[in-house]
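K.L.:
I have a structure here, written as structure tokens, and I will follow up with some questions on it.
The values are calculated or read from the model by the stated rules, or taken from the named source; none is laboratory data. Quantities reported herein were computed from a predicted structural model and do not represent experimental measurements. Because the Cβ atoms are built from the backbone with ideal geometry, glycine has one as well, and the counts that use them run over all protein chains shown. Ligands, DNA and RNA are excluded from the accessible area calculation, which covers all protein heavy atoms including side chains. Shrake-Rupley method; radii C 1.70, N 1.55, O 1.52, S 1.80 Å.
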Amino acid sequence: MAGGDSTQQSLRKVLGALKDSTTVGLAKVNSYYYKDLDVAIIKATNHVEELAKEKHIRTIFDAVSATRPRADVAYCINALAKRLAKTHNWAVAIKTLIVIHRALREVDPSFREELINYTKSSGHMLNLSHFKDGSSLNAWDYSAWVRTYALYLEERLECFRVLKYDIETERCRTSELDTIDLLEHLPALQQLLFRLISCQPEGAAVYNNVIRYALSIVAGESVNIYNAINDGTLNVVDKFFEMQRHDALRSLEIYRKAGHQAELLSEFYETCKGLDLRPGQEFVKVEKPPASFISAMEEYVKDASRPLTLQRHMADADLEIPHEPPTVEPPPAEALVTDLLSLDDFGECADVLEEKNAFALAIVTDGGSNSTNATVASDLASDTSGWELALVGAASSTESSATEVKLACEIDKLTLDSLYDDAIARSANQNGSYHMGQVVPNLFETLPYPQDPFYASNSIAPSANVQMSAMAKQQSLIMHQQQQQPMGPEGSNPFGNPFAGPEAGLQSYLNHSPQTGFM
């Protein structure tokens, strides 16, 4: 089994070498102006599982320098992008990534700018998330590391886009930034450090010389990234207790993430030290941020969520502002003039008058044990001398102003006449001398008050409900009288001679009128 794998590996190397020689021959024939550059790219990224010769890499660096035309730089970047897109061999892919990585570090910034412009126009050339080499079991481990390495280089370009400077070739500025820029730069640096820590090799990739060389470059860049994050974290701490709540929340998350990444970076350094990637290579001493400071930051965030409440309480304590509302004393009650018949209330809706009983008088009082709440008209009619005088005399009474008496609804003249007729009929029934059909005398002419107290309401027509009620009451009285009194001398006509003149009616009234005191 082992002999079969060895034979397969040997066959792959032979086929790879044949493919490289064929590609170089085609480049020499088809290329004229960029012939040397095409040959250098093919030889620097060949299938040989060893590091490329330095002279081929230098040829590429010369082609992308600032002294060369921008067209030459764009041609070189396009050739490297095609090399990555077409290959399925891990050695070709990782050697191409090493060339790009070293160019970002060793060539002038113009190459980085051209590379960023190319990725914007032609897509992400460093996106190798689907790359795999299934030629052998070891190739699976190598392919995994190639994918993480490409992600790190892509994140490196993104970090430069945010920071506007290269963290590896220029001075760190995180210790001088204000809050807005600081909260934008630190997350980008922490994401770059996350991609870097993910480049820790596993399986067969740990023992591959090409991978270990690339890993040594990545590990060397971790020092500047960690220092930039550490300086930025100290700057956050200095500004933390002056931040707004939303900025404080983001800063707290950055501080927590910095502590977690410090632990992961320590483990990454231990792995690199065990591999002995580069003789004499030193790593920075990682110090985890104090966890005790997180409690103070969390308390500040909680208090910052209630700034207006705290300020209001402080202002109230300083100014001693009372929180109880002032009490308003009600104005003293004024005496109300009694309006028994509600003559001034002409604006009341007619629907209210129709809904109420026309024969009920509601008496409303403010207090007192001797006052009643309601008095029905039929009860008033039982006492002739009492309710008439109370009804007429109450309008001009100037007695106690503490009691308010108000009639529930207006009473028209027709209703009052009906009440008078009813009272006279009851009195006649008691004396036994009143006959139906007699003319009711004008009571107001015999009262000590010659004026009509209901004169103001004479101009108002009674409602239909009131008229129907009055007619029903009169008919009920007539039927009651017919049942109780005997038939008169006129036979079946209880009303006497209807054709008799006014003299006969007056004479009949004088003969049969009871002594009621009104005559």
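K.L.:
Please enumerate the residues belonging to the range 255-285 that are open to solvent by 90 Å² or more (accessible area, probe 1.4 Å) and farther than 12 Å from LEU215 by Cα. So that I can check it myself, show each step before the final result.
P.N.:
Restricting attention to the range 255-285, the residues satisfying the condition of being open to solvent by 90 Å² or more (accessible area, probe 1.4 Å) are 256, 260, 267, 270, 273, 276, 278-279, 282, 285.
Scanning the range 255-285 gives ARG256, HIS260, GLU267, GLU270, PRO279, GLU282, LYS285.
K.L.:
Which numbered condition trips up GLU242, out of (1) assigned to a helix (DSSP H, G or I); (2) within 28 Å of the chain's Cα centre (by Cα); (3) of a type outside the set (S, T, N, Q)?
P.N.:
The failed condition is (1).
K.L.:
Let me ask you something else. Scan THR119, THR67 and give me the residue that is farther than 18 Å from LEU153 by Cβ, open to solvent by 10 Å² or more (accessible area, probe 1.4 Å) and either outside any helix (DSSP H, G or I) or modelled with pLDDT under 90 (or both).
P.N.:
Of the residues listed, the single one that is farther than 18 Å from LEU153 by Cβ, open to solvent by 10 Å² or more (accessible area, probe 1.4 Å) and either outside any helix (DSSP H, G or I) or modelled with pLDDT under 90 (or both) is THR67.
K.L.:
Going by the structure shown, is SER175 surrounded by fewer than 17 Cβ atoms within 10 Å (Cβ to Cβ) and of a type in the set (Gly, Ala, Ser)?
P.N.:
yes
K.L.:
Sticking with this one: Listed residues VAL39, VAL48; which is open to solvent by 50 Å² or more (accessible area, probe 1.4 Å), within 26 Å of ASP133 (Cα to Cα), at pLDDT 75 or above and of a type in the set (Val, Ile, Thr)?
P.N.:
VAL48
K.L.:
Please tell me if LYS82 is assigned to a helix (DSSP H, G or I) and touching a residue at least 24 places away in the same chain (Cβ under 8 Å).
P.N.:
In short, no.
K.L.:
Now for a different question. Restricting the range 249-266 to residues that are closer than 19 Å to GLU202 by Cβ and in contact (Cβ under 8 Å) with a residue 40 or more places away in the chain, which is nearest to the chain's Cα centre (by Cα)?
P.N.:
Checking each candidate, the answer is LEU264.
K.L.:
Please go through the range 133-142 and pick out each residue that is surrounded by fewer than 15 Cβ atoms within 10 Å (Cβ to Cβ) and outside any helix (DSSP H, G or I). Full working, then the answer.
P.N.:
As a first pass, look at the range 133-142 and keep what is surrounded by fewer than 15 Cβ atoms within 10 Å (Cβ to Cβ): 134, 137.
GLY134, the sole residue that qualifies.
K.L.:
Read through the list (1) open to solvent by 40 Å² or more (accessible area, probe 1.4 Å); (2) under 21 Å from ILE94 (Cα atoms), then give the number of the only condition that LEU126 fails.
P.N.:
Only one criterion in (1) open to solvent by 40 Å² or more (accessible area, probe 1.4 Å); (2) under 21 Å from ILE94 (Cα atoms) is unmet by LEU126, namely (1).
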